[in-house]
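The values are calculated or read from the model by the stated rules, or taken from the named source; none is laboratory data. Keep in mind that this is a model prediction, so the values were computed, not measured. Positions of Cβ are backbone-derived with ideal geometry, glycine not excepted, and every protein chain shown enters the neighbour counts. When the accessible area is computed, the model is the full protein with side chains, heavy atoms only, and any ligands, DNA or RNA have been set aside. Shrake-Rupley method; radii C 1.70, N 1.55, O 1.52, S 1.80 Å.
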Amino acid sequence: MSILEDLKMQYKLGGIALKMIYWNIGCFLVSLVFFYQYKSGVFEFPNWVALSSEPMVFGLKPWTFLTYAFFHDGFFHLLFNMMVLNFASYLFLTFFSSKQYLGLYLLSAIFAGLIFALGFNLLHYSGAIVGASAAIMAILVAATTYSPLMGVRLFLFGNVKLWHITAVILILDLMQFRLENSGGHISHLAGAFFGFIYVKLLQNGTDLSKIVSIVLDFFFNIFRKPGTPFKKVHKNYKKPVEKPISRIVVKDKKQQQIDEILDKISQSGYESLTQEEKEFLFQAGK
């Protein structure tokens, strides 16, 4: 199995968190090709990708309230964000569904973008932002709000409470608010606030992620291929011919092996599979 096929299989079998990480990495690779200035060594994102604080810009390009949350302006910016996203995603998905995860990620990015644009205009600043930090903070704070006393084991620090980790990250954001990247810190805190509000509303019976589900279902139905027209079928009620026992046995063994591999993935992750198991699963999925 080639590396590309291996990655495709991981994406296919992975959950929503892995898919989100793949999307962020994919957008970073695209930005390296189109937006990285190799002479100066910096990224220059166009205003149809990055979120600008200028009303005349984001008003004409409203999609940037989402696109900015999938691009990063450096490798270490991406690496740190994806590490925290992986950590926060595991915690969030312990309690909530994949649809709620996706809904929170997208809605918090939009909310944080709106607060960033409003804040910069009130402060008479001008700038643009990229990065998934606001959405990641929303996911982390949402999990913390739901289960603040959840134990987490950290290297060198041992067992700590989840709220301790979240509190340290928020305090660091507040300490750096006036030092540098003010726009980024505004969006981070806005994302954290949205994650808190999201869980509180959810506990009261209001699931904001349903908004995203309804919108996505609407567009999926538009682009879905028309179904095959219904045809009336006259059934033949003759006694069915029994299939050879050997054929059924082969099918059962194959399905049993697939089930065992999927169980192994759910318990230990895709990377725990042997090369033979990956090959078998890839061939079975064709």
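Scanning segment 134-191 for residues that are out of contact with any helix residue (DSSP H, G or I) (no Cβ under 7 Å at 6 or more places or on another chain) and among the acidic types (D, E) gives a single hit, E180. Within segment 35-44, does at least one residue satisfy the condition of being in contact with a helix residue (DSSP H, G or I) (Cβ under 7 Å, 6 or more places away or on another chain) and at pLDDT below 95? Yes, that holds for at least one residue. Restricting attention to segment 167-193, the residues that are within 20 Å of the chain's Cα centre (by Cα) and at pLDDT below 80 total 1. Among the residues making up segment 58-90, those that are surrounded by 21 or more Cβ atoms within 10 Å (Cβ to Cβ) and in contact (Cβ under 8 Å) with a residue 60 or more places away in the chain are Y68, A69, F70, F71, H72, L85, S89. The residue that is surrounded by the fewest Cβ atoms within 10 Å (Cβ to Cβ), among those in segment 109-125 that are modelled with pLDDT under 95 and either among the β-branched types (V, I, T) or in contact with a strand residue (DSSP E or B) (Cβ under 8 Å, 6 or more places away or on another chain) (or both), is I115. Whenever a residue of segment 26-50 is over 15 Å from H72 (Cβ atoms), its partners that are open to solvent by less than 80 Å² (accessible area, probe 1.4 Å) and in a loop (DSSP other than H, G, I, E, B), lying with C-beta atoms within less than 6 angstrom and at least six residues away or across chains, give the pairs W48/K61.
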